[in-house]
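Peer 1: Sharing a structure, written as structure tokens. Questions coming.
Derivation of every value follows stated rules applied to the coordinates shown; laboratory data play no part. Everything quoted here is computed from the prediction, not taken from an experiment. Cβ coordinates were reconstructed from backbone atoms using ideal geometry, including for glycine residues, and neighbour counts include every protein chain displayed.
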Amino acid sequence: MEEAGQYPYPAVACIDALKIVQHHRGWVSDDSVKDIAQLLEISNEDVDGVATFYSRIYRKPVGRNVILICDSISCMIMGYESMYEYISLKLGIHFGETTNDGRFTLLPNSCLGDCDHAPAMMVNNDHYNKLTFEKIDELLSNYK
Amino acid sequence: MEKPLTKYITPGSPPPDLKEYSRIGGYASAHKALKEMSPAEITSLVKASNLLGRGGAGFPTGLKWSFVPMGENSPKPKYLICNADEMEPGTFKDRYLMEGNPHQLIEGMIISSYAIQAEKAYIFIRWAYKKAEKELRKALAEAYAAGYLGKNILGSGFDLDIYIHSSAGRYICGEETALFNSLEGKRAIPRTKPPFAAISGLFGKPTIVNNVETLVWIPHIIERGAEWFKNLSMTGAGGTKLYGVSGRVKNPGLWELPLGTTLREVIEEHAGGMLDGYKFRGVIPGGISTDFMLEKHMDVNMDFSNVGAVGSRLGTGTMIILDDKTCPVAFIHNIEKFFALESCGWCTPCREGLAWVEKLLASIEEGTGKMEYLDILKFHTKYLCFGNTFCAHAPGAAEPLQSGLEYFHDDFVQHINGKKCPWRS
Ligand SMILES: Cc1cc2nc3c(=O)[nH]c(=O)nc-3n(C[C@H](O)[C@H](O)[C@H](O)COP(=O)(O)O)c2cc1C
Ligand code: SF4
Ligand code: FES
């Protein structure tokens, strides 16, 4: 519902507002929650309730690049666990953590719709599949 | 063999633009429908075709549309929503259709909106499908510029705007009433039914939700008719189906085949059979919320009624293969973990029950399970059913669990008695 004329009342814009903030800031801080609440004339709790419900709204700071590893069934069969261990070792972080230099955040994610080319992952908006250790080395070097 | 939906899709190359799509006959059905047919005629044609919804439940599309209030005094605006959330693990068919031929979907939405006289339509698309979203936005701009969208389309007096909403990410958004709440900017929690969406849906107005693979059929049915559509399938159920296979097969992928193609043909011919060194143990036929099928079901015709007859569901038609080197307990645990995490938390049996199921399965997988856990798990499959929960999420979660417990009973017992997973060294 990005078209402004499309909101019959302000609160409808809540998810879009959160997405816009995140697009510019990388995540949604408490202050941003308050700002959105004021703008949409709803309570802070309402905004936070929406923000925390959705997986792709971050309420904590994330790194410059977010790695999402698919941990769903087809990728489990095809070995996502070893891909995770490899990345985890390489970057020195576990799921939910960010590297000290702020370069990467590593998160698990459900199916990415790449099941016939499993194992799959995304970095920011880019899809990668049929992962191997070599492929991971190469693709991660593209993100600064 | 005809492949109406995927004929013009070439993976790896860009989808047909408006010019190319028109050259191959695209938008001819929109012209025909809006200029020569009444909304009622379209709905009865779709009814006669017996098109069953491809979102998983197989509900007759024409019948669904016929519940929408029509005529001068019907509520305004009415809405059509294309469900492109596709978050069911193991499913990747709608992505293929949207990336490969976005105009086909837009044309389907124009005709469907006209049939129910909806003046606003949404494509609710999964956040991860960036490429599909980009192609759809491009195609929408072309369709507006050519007068297929906007005011007074093709001089018919019919107005339609299509908007794209990229989901903020939660499986439950795919449930149609949760989807309404999400479009209204709220937490995606399902609503009680009744009232049904066709009467009171998005913003309390009459709303129809259809899956991508359902809507792309509409231009073809307008062009070729109901009989042609029925004859496409092996079993008279109507149409083709996008079948997918993932797991340890030689050639995982997606194929458009007559609805009712046998499980054997899909797995052995199209997916190339199992990888060397792996044996087939079972398959989840249609996204993870369907019951397992086994070797003995190989000759089942994969349509809604025949899969139903052997105790499973066609679901999304995208199959996940369990091989002999993957632990069935780990397989089922992975599935139930997803369901537990994605429970919206609204009703207790689902919120508490699935979390408990997940813990018990984790414990069995780790070798700390007890025999009585199997009874507790079975208890859950019985009570996480329609009527006890607000939506189909928990009943869906119960399906692979209950058939898994039955079909792979010995593997569960082996974990419990051996106090470890036999697949782990
Ligand atoms: C938990 C849950 C998730 C769902 N996810 C989807 C989905 O991603 N896509 C979809 O088309 N239908 C999904 N459905 C089914 C929809 O509620 C709805 O029945 C369907 O979109 C109707 O389309 P159809 O009649 O064309 O099949 C889901 C249902 C449930 C209970
Ligand atoms: S069954 Fe689960 S997902 Fe559906 S409403 Fe209840 S808690 Fe939410
Ligand atoms: S299960 Fe990993 S991409 Fe679908």
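Peer 1: Treating only the Cβ atoms of Lys and Arg (+1) and Asp and Glu (-1) as charged, compute the dipole magnitude of the range B:328-418 about its Cα centre; round to the nearest 20 debye.
Peer 2: Once rounded to the nearest 20, the dipole reads 240 debye.
Peer 1: Pairs of Cα atoms under 8 Å, at least six residues apart: use those to get the relative contact order of the range A:65-140, whole percent.
Peer 2: Computed over the range A:65-140, the figure is 40 percent.
Peer 1: Give me the inter-chain shielding for B:84-91: mean count of other chain Cβ atoms within 10 Å, whole number please.
Peer 2: That works out to 5 on average.
Peer 1: With r defined as the distance between the Cβ atoms of B:Phe59 and B:Val310 and R0 fixed at 25 Å, what FRET efficiency is calculated, to the nearest 0.05?
Peer 2: Taking R0 as 25 Å, the efficiency between B:Phe59 and B:Val310 is 0.75.
Peer 1: What is the fewest-to-most order of B:Lys138, A:Lys144 by other Cβ atoms lying within 10 Å of their Cβ?
Peer 2: A:Lys144, B:Lys138
Peer 1: Still on this structure, please answer the following. Where in the range B:398-425 does the amide nitrogen come within less than 17 Å of the point 7 Å from the Cα of B:Lys370, taken along Cα to Cβ?
Peer 2: B:413, B:415-420
Peer 1: Between A:Lys60 and B:Glu268, what's the calculated FRET efficiency when r is the beta-carbon distance and R0 is 56 Å? Round to 0.05.
Peer 2: 0.70
Peer 1: With charges only on Cβ, +1 for K and R and -1 for D and E, what is the dipole size of the range A:65-140 about its Cα centre, in debye, rounded to 20?
Peer 2: Approximately 60 debye in magnitude.
Peer 1: Taking all pairs of different Cα atoms in chain B, averaging 1/r and flipping that mean, what Kirkwood radius in angstroms comes out?
Peer 2: With all distinct Cα pairs of chain B included, I get 22.3 Å.
Peer 1: Return one number: the angle in degrees, 0 to 90 and rounded to the nearest 10, between the long axis of the Cα atoms of helix B:348-366 and the longest principal axis of the Cα atoms of chain B.
Peer 2: Tilt of helix B:348-366: around 50 degrees.
Peer 1: Also: Charges at C-beta only: +1 for Lys and Arg, -1 for Asp and Glu. How large is the resulting dipole of the protein assembly as shown about its Cα centre, in Debye rounded to 20?
Peer 2: Magnitude of the dipole: close to 340 debye.
Peer 1: Tell me, what is the FRET efficiency for B:Lys76 and A:Tyr7 to the nearest 0.05, using R0 = 22 angstrom and their Cβ-Cβ distance as r?
Peer 2: Calculated value: 0.80.
Peer 1: Restricting to the protein assembly as shown, compute how many DSSP beta bridges are antiparallel as a %, nearest 5.
Peer 2: Looking only at bridges with both residues in the protein assembly as shown, the antiparallel portion is about 45 percent.
Peer 1: Compute the acute angle (0 to 90°) between the alpha-carbon long axis of helix B:39-49 and the principal axis of greatest extent of the alpha-carbon atoms of chain B; round to the nearest 10°.
Peer 2: 40 degrees
Peer 1: Could you tell me whether the range B:288-425 comes out rounded, prolate or oblate from its Cα gyration tensor? Rule is a ≥ b ≥ c as square roots of the eigenvalues, rounded for a/c under 1.5, then prolate if a/b exceeds b/c, otherwise oblate.
Peer 2: Since a/c reaches 1.5 but b/c is at least a/b, the shape of the range B:288-425 is classed as oblate.
Peer 1: Neighbour counts of other C-beta atoms within 10 Å: give me A:His94, B:His31 arranged from fewest to most.
Peer 2: In increasing order of surrounding Cβ atoms, one gets A:His94, B:His31.
Peer 1: With viscosity set to 1.306 mPa s at 10 °C, what whole-number translational diffusion coefficient in µm²/s follows for the range A:2-53 from Stokes-Einstein and a Kirkwood radius over Cα pairs?
Peer 2: In µm²/s, the coefficient is 145.
Peer 1: Evaluate peptide B:183-193: per residue, the Cβ atoms of other protein chains within 10 Å of its Cβ; return the mean as an integer.
Peer 2: 5
Peer 1: Also: Stretched out fully, how many nm does the piece from B:Lys325 to B:Trp423 gain, at 0.36 nm a residue minus the Cα gap?
Peer 2: The B:Lys325-B:Trp423 span can extend by a further 34.6 nm.
Peer 1: Right, something else. Volume per residue, Å³, of the convex hull around the alpha-carbon atoms of the range B:218-330?
Peer 2: Looking at the range B:218-330, the number lands at 95 Å³ per residue.
Peer 1: Give me the distance in nm between label points sitting 7 Å out from Cα along the Cα-to-Cβ direction at B:Phe196 and B:Lys359, one decimal.
Peer 2: It is 4.0 nm.
Peer 1: No partner Cβ under 4.7 angstrom, meaning no disulfide-compatible partner by this rule: which Cys of the protein assembly as shown qualify?
Peer 2: By the Cβ distance rule, which asks for a partner under 4.7 Å, the isolated cysteines are A:Cys14, A:Cys111, A:Cys115, B:Cys82, B:Cys173, B:Cys327, B:Cys344, B:Cys347, B:Cys350, B:Cys385, B:Cys391, B:Cys421.
Peer 1: Which whole number gives the average count of other chain Cβ atoms within 10 Å of the Cβ atoms across peptide B:332-341?
Peer 2: Partner Cβ neighbours, averaged per residue: 3.
Peer 1: What ratio of Cα Rg to 2.2 N^0.38 Å holds for the protein assembly as shown?
Peer 2: 0.95
Peer 1: Got a sec? Charge dipole of the range B:1-78, +1 on Cβ for Lys and Arg, -1 for Asp and Glu; which of B:Thr43, B:Ser13, B:Ala30 is way out at the positive end?
Peer 2: B:Ser13
Peer 1: If you stretched the chain out fully between B:Asn251 and B:Cys385, how much longer would it get, using 0.36 nm times the residue separation minus the C-alpha to C-alpha distance?
Peer 2: Between B:Asn251 and B:Cys385, full extension yields 44.7 nm more.
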